[in-house]
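Since the structure comes first, as structure tokens, the remarks are kept for the end.
The values are calculated or read from the model by the stated rules, or taken from the named source; none is laboratory data. Quantities reported herein were computed from a predicted structural model and do not represent experimental measurements. Here the Cβ positions follow ideal geometry from the backbone for every residue, glycine too, while neighbour counts run over all protein chains shown. Side chains included, ligands, DNA and RNA excluded: accessible areas come from the protein's heavy atoms. Shrake-Rupley method; radii C 1.70, N 1.55, O 1.52, S 1.80 Å.
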Number of protein chains: 2
Amino acid sequence: MPKEARPGTGEQAKQHALVHLRQAILHGDMAPAQRLVENELAEQFGVTRASVRAALIELESEGLVERIRNRGSRVRVVTVEEAVAITECRMVLEGLCAAKAAVEASEDQLDQLTDLGTAMAKAVAGGEPLVYSRLNHELHDRIREFSGQQVAVGLLERLNGQLVRHRFQLALRPGRPQQSLSEHLAMIESIRARDPQAAEAAVRTHLAGVIDALRQ
Amino acid sequence: MPKEARPGTGEQAKQHALVHLRQAILHGDMAPAQRLVENELAEQFGVTRASVRAALIELESEGLVERIRNRGSRVRVVTVEEAVAITECRMVLEGLCAAKAAVEASEDQLDQLTDLGTAMAKAVAGGEPLVYSRLNHELHDRIREFSGQQVAVGLLERLNGQLVRHRFQLALRPGRPQQSLSEHLAMIESIRARDPQAAEAAVRTHLAGVIDALRQ
DNA sequence: GAGAACAAAATTGTTGACAATCTTGTTGGA
DNA sequence: TCCAACAAGATTGTCAACAATTTTGTTCTC
């Protein structure tokens, strides 16, 4: 257990604990369902228990941590059914963002999407699933960003945080990149065409595909 | 300032503070942008400051409270643009729920919706906007409930909490009930017809109308 | 050997006090 | 009069100790 010491650089203790603990969970350093004992975390991050507590409360409402009265906290495990339900919500919310982006995005931003599309095609052709996965994320991020829909972006970030584990599993599945590439290109195309309805439909088709893949 | 005393009935102090503070905000007892000083709240609810703190952190991530480092908390004010953005998200999420409900609801549940519809028509005919507003809420609640989509329900509850003030304002606008009644009846009708696409479209039409009303 | 009652350990919940930070009001000088 | 520096007050952030609760291990009885 490495003791990450960097307590008093002016950075608030609670923020320190919050950022590091969130990253640890998202990065997969904490096993699923692992117990999170406040004392241990406090020592590990070099802050007091109160700060860890505050961080855990916040992570609970982000859906990353599960807390039970007098029983402690643990990394929340997302079942496949939950992952499906989450992705259904993503489907409609990202659909909204894509529709907005098709109207709001600047010409410059549309070019960025095109570039991402060609890079993704290249990654698939070259057989680089990890690169493709990274570009995949970036594409979804950009569309959200270009939509200007702050509320939806906030909700989606929270939802995506809960899916890290499942997404990793999905990215490395053989044949999956090939299947999703055309869907992604269709999304880009309809946004470029400034057609909000087509953009929303394309995003939905894509994420419906993701749901099918999750269920297998 | 009434001192609500009921500290140690076995109920956890933090939960006590959380429930009461949330209700106070939702019920409108706290003025918008009102400062929330931890010490005052602690005394008012008969709990310690730490419990109030924990409650405030949770309410912040629910979007009901705004917290600034070393500067304190206040009731968050939702601008009209934010209310519109929130309602756009409601539009797609409730659309999802309605589509699910059209497939999943039992015959008994469909009858409940029909009853609500007739009650709403009666309230409008009788010129009772407050009754109509209550039934309005109940209809939306039921549709969400019948959808079985836990994740979407959770997101929607959070979003709705932020709209209390705007919704009150909207409900009492003259002519508004008449306009929305037919939209609500269309929603019920398409769910009864077990047509998910029509149900989603009806919900979207309705909430698009709400957005128009908000913008005025 | 199985199960209940009890005791010990581990962990979370709570408390009050202290430190750090920000805001506000005041004073001094140009 | 205006502005900067400073001091006082208010408020949040942090800490260590204590209380309450749950879990675990042990012993005793049947």
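Scan the range B:20-44 for residues that are away from DNA strand D (no atom under 13 Å from the Cβ) and within 14 Å of chain A (Cβ to nearest Cβ) and report the count. Going through the range B:20-44 one residue at a time, the tally reaches 1. Return yes when A:Glu88 is out of contact with any strand residue (DSSP E or B) (no Cβ under 6 Å at 6 or more places or on another chain), free of Cβ contacts under 8 Å to residues at least 40 places away in the same chain and either in the same structural domain as A:Leu207 (by TED's automatic domain parsing) or farther than 15 Å from A:Leu214 by Cβ (or both) and no when it is not. The answer is no for A:Glu88. Applying the criterion of at least 3 residues that are open to solvent by less than 20 Å² (accessible area, probe 1.4 Å), away from chain A (no Cβ under 14 Å) and under 22 Å from A:Glu200 (Cβ atoms) to the helices (runs of 4 or more DSSP H) found wholly in the range B:125-216 leaves B:176-192, B:196-215.
Residues in the range A:47-102 that are in contact with a His (Cβ under 9 Å, 6 or more places away or on another chain), within 16 Å of A:Leu26 (Cα to Cα) and more than 16 Å from DNA strand D (Cβ to nearest atom): A:Val78, A:Ala83. Residues in the range A:67-95 that are touching a Lys or Arg at 6+ places or on another chain (Cβ under 7 Å) and farther than 30 Å from B:Arg90 by Cβ: 3 in all.
If we scan the range A:56-72, do we find a residue that is under 27 Å from A:Gln216 (Cβ atoms) and open to solvent by less than 40 Å² (accessible area, probe 1.4 Å)?
Of the residues in the range A:56-72, the ones under 27 Å from A:Gln216 (Cβ atoms) are A:63-64, A:66.
In the following step, the residues that additionally are open to solvent by less than 40 Å² (accessible area, probe 1.4 Å) were identified as A:63-64.
Yes; the residues of the range A:56-72 include at least one that is under 27 Å from A:Gln216 (Cβ atoms) and open to solvent by less than 40 Å² (accessible area, probe 1.4 Å).
The residues of the range B:117-148 that are at pLDDT 95 or above, aliphatic (A, V, I, L, M) and within 18 Å of the chain's Cα centre (by Cα), listed by number, are B:Leu135, B:Leu139, B:Ile143.
Residues considered: B:Arg167, B:Arg176, B:Arg142. Of these, the only one that is over 16 Å from B:Arg90 (Cα atoms) and assigned by TED's automatic domain parsing to the domain that holds B:Asp115 is B:Arg176.
Screening B:Ala119 against (1) open to solvent by 30 Å² or more (accessible area, probe 1.4 Å); (2) within 14 Å of chain A (Cβ to nearest Cβ); (3) closer than 29 Å to B:Arg204 by Cα leaves a single unmet condition, (2). Only a single item in (1) more than 13 Å from DNA strand C (Cβ to nearest atom); (2) of a type in the set (A, V, I, L, M, F, W, C); (3) open to solvent by 20 Å² or more (accessible area, probe 1.4 Å) is not met by A:Ala50, and it is number (1). Step by step: first the residues of the range A:88-111, then only those that are more than 9 Å from every other protein chain (Cβ to nearest Cβ) and closer than 25 Å to A:Phe168 by Cα, then the one that is nearest to DNA strand C (Cβ to nearest atom). Which residue is that? Step by step, filter the range A:88-111, then rank; the result is A:Arg90.
Residues checked against (1) within 21 Å of the chain's Cα centre (by Cα); (2) charged (D, E, K, R):
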site: B:Ala171; (1), (2): yes, no
site: B:Gln179; (1), (2): yes, no
site: B:Ile191; (1), (2): no, no
site: B:Arg194; (1), (2): no, yes
site: B:Val203; (1), (2): yes, no
site: B:His206; (1), (2): yes, no
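Within the range B:126-164, being among the aliphatic types (A, V, I, L, M) and over 14 Å from B:Gln109 (Cβ atoms) holds for B:Leu130, B:Val131, B:Leu135, B:Val151, B:Ala152, B:Val153, B:Leu155, B:Leu156, B:Leu159, B:Leu163, B:Val164. Could you go through the range B:9-19 and let me know if any residue there is buried (at least 22 other Cβ atoms within 10 Å of the Cβ) and out of contact with any Ser or Thr (no Cβ under 7 Å at 6 or more places or on another chain). Looking for residues that are buried (at least 22 other Cβ atoms within 10 Å of the Cβ) and out of contact with any Ser or Thr (no Cβ under 7 Å at 6 or more places or on another chain), one finds at least one in the range B:9-19, hence yes. With respect to the conditions (1) in contact with a Lys or Arg (Cβ under 7 Å, 6 or more places away or on another chain); (2) open to solvent by less than 10 Å² (accessible area, probe 1.4 Å); (3) of a type in the set (Gly, Ala, Ser), B:Ala98 falls short on a single one, namely (1). Of the residues making up the range A:22-44, those that are within 14 Å of DNA strand C (Cβ to nearest atom) and either open to solvent by less than 20 Å² (accessible area, probe 1.4 Å) or within 17 Å of the chain's Cα centre (by Cα) (or both) are A:Met30, A:Leu36, A:Leu41, A:Ala42.
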